[in-house]
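Reviewing the structure listed below.
The values are calculated or read from the model by the stated rules, or taken from the named source; none is laboratory data. Small disclaimer: the values here were computed from a predicted structure and weren't measured. Cβ sites come from the backbone with ideal geometry, for glycine too, and all protein chains shown count toward neighbours.
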Amino acid sequence: MSPRWYADHDLTAANTLGLPCRAERFVAPMTPAELGEALALAREGGWPTLVLGGGSNLILPAFLTGLVIRPAMNDWWLVESGDGSVRVHAEAGVVWHELVMALAARDLWGLENLALIPGHCGAAPIQNIGAYGVELAERLEAVHLVHLDDGREAVLGPQACAFGYRDSVFKHALAGRVAITRLVMRVSRTPEPRLGYGDLAGRVTESPTALEVAEAVCAVRREKLPDPAVLGNAGSFFKNPVVSSERAASLREAYPDMPSFPLDDGRTKLAAGWLIDRCGLKGWRDGAFGVHDRQALVLVHHGGGDAAGLLAFAARVADTVERRFGVALEREPRLATG
Ligand SMILES: Cc1cc2nc3c(=O)[nH]c(=O)nc-3n(C[C@H](O)[C@H](O)[C@H](O)COP(=O)(O)OP(=O)(O)OC[C@H]3O[C@@H](n4cnc5c(N)ncnc54)[C@H](O)[C@@H]3O)c2cc1C
């Protein structure tokens, strides 16, 4: 069966920032065959193509020309291996948080610290999602994908994905050039609690189940982060900046309480939220946009704004930080163009 096509489709509710956006064409293929068909038509028509997931890490402009494809293949299954580990196969349209909770409920360990991250499985490798001391890269075994330009299918292993902090090959050589169709991840039946971040350890029993850990993660996140269903946002708007150890040392001299995290490569990661907060911007609002009053790393949309307004607001936040600390902030969500 052919997928249903939509013209001049409203994507305002399809992005967690709630920015007004219309797509010239929109399709949500429910099978790999439907996806192949949509991509073939896009190639024939020469339409620029954007692959959309849950819209939680994107800044959408008022109008997107060409085609927006939101993969709606949403099956997942488990493959047992003899050594106690289990492979999870998850199609691109599976909602990430629902998968994490379903695995945790089966006491399968490995992804529980990544509970409540919004979005779909297909987008998870793009920025190598991470939270509470765990990154997808640790668990990912394969990414199945289709190249947009010729429909060629491929499977990438973790090496080829070139994962880094909020980074992967999908933000560089393969940016905007592939549709991810399926992930294969490794989880384990052996308890592997990772409780070193936040106050997770204090929220669970001595020998917690994976579900207990996942629920503790959800509770911490709900306390700290605004719910996009209530207040538009894209999570962390800026990446934590990485600076030379010399630069970090001189900043620490001026600001002894500044959090900093030494990295394996000798550089130092700073906390973007702390830098913004220290500029007095936490809770600052100007018109449609604001800095969240509990988490300065999150920019929020109060309604009535658009992508241009958000970018201007974000630039003022970044400029203020740069003038005060000499540290440049880099945006985390991708700006879609069309
Ligand atoms: C409240 C909140 C909290 C968040 N917390 C975290 C966090 O703790 N850690 C973290 O890492 N992130 C976090 N995020 C960011 C976001 O949830 C993740 O980046 C998530 O993986 C994005 O998924 P998505 O389906 O919404 O992607 P989208 O926003 O739809 O797309 C993001 C990018 O991926 C591309 N893409 C989407 N699907 C595919 C596909 N199938 N094939 C190829 N490309 C694709 C898009 O073109 C775009 O470039 C948070 C966001 C919010 C709103």
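In this entry, VAL155 passes the filter for residues that are out of contact with any Asp or Glu (no Cβ under 7 Å at 6 or more places or on another chain), of a type in the set (Val, Ile, Thr), assigned by TED's automatic domain parsing to the domain that holds VAL220 and free of Cβ contacts under 8 Å to residues at least 60 places away in the same chain. Filtering segment 112-169 to residues that are in contact with a Leu (Cβ under 8 Å, 6 or more places away or on another chain), within 12 Å of MET185 (Cα to Cα) and outside any loop (DSSP other than H, G, I, E, B) leaves CYS121, LEU136, LEU140, ALA142, VAL143, HIS144, PRO158.
The residues of segment 103-114 that are among the hydrophobic types (A, V, I, L, M, F, W, C) and touching a strand residue (DSSP E or B) at 6+ places or on another chain (Cβ under 8 Å), listed by number, are LEU103, LEU108, TRP109, LEU111, LEU114.
Taken as a whole, segment 205-213 holds at least one residue that is touching a residue at least 40 places away in the same chain (Cβ under 8 Å), outside the structural domain of GLY305 (by TED's automatic domain parsing) and among the hydroxyl-bearing types (Ser, Thr, Tyr). Among residues of segment 122-133 that are free of Cβ contacts under 8 Å to residues at least 40 places away in the same chain, those with a beta-carbon under 6 Å from a residue that is in a loop (DSSP other than H, G, I, E, B) and within 6 Å of the ligand (Cβ to nearest atom) at least six positions away or on a different chain give the pairs ILE129/ILE117.
Could you please find all residues in segment 1-26 being farther than 15 Å from ARG70 by Cβ and part of a loop (DSSP other than H, G, I, E, B)? Correct list: MET1, SER2, LEU17, GLY18, LEU19, PRO20. Count of segment 119-134 residues, restricted to those that are closer than 22 Å to ALA229 by Cβ and near the ligand (Cβ under 6 Å from one of its atoms), is 8. Residues in segment 75-96 that are part of a strand (DSSP E or B), modelled with pLDDT of 95 or more and charged (D, E, K, R): ARG87, GLU91. Each residue in segment 16-43 was checked for being of a type in the set (Asp, Glu) and either within 12 Å of the ligand (Cβ to nearest atom) or farther than 26 Å from ALA90 by Cα (or both), and 1 pass. If the condition is being over 21 Å from ASN128 (Cα atoms) and surrounded by fewer than 19 Cβ atoms within 10 Å (Cβ to Cβ), then segment 233-250 contributes SER244, SER245, GLU246, ARG247, ALA249, SER250. Of the strands (runs of 3 or more DSSP E) that lie entirely inside segment 209-304, those containing 1 or more residues that are of a type in the set (S, T, N, Q) span 232-236, 260-262, 268-270.
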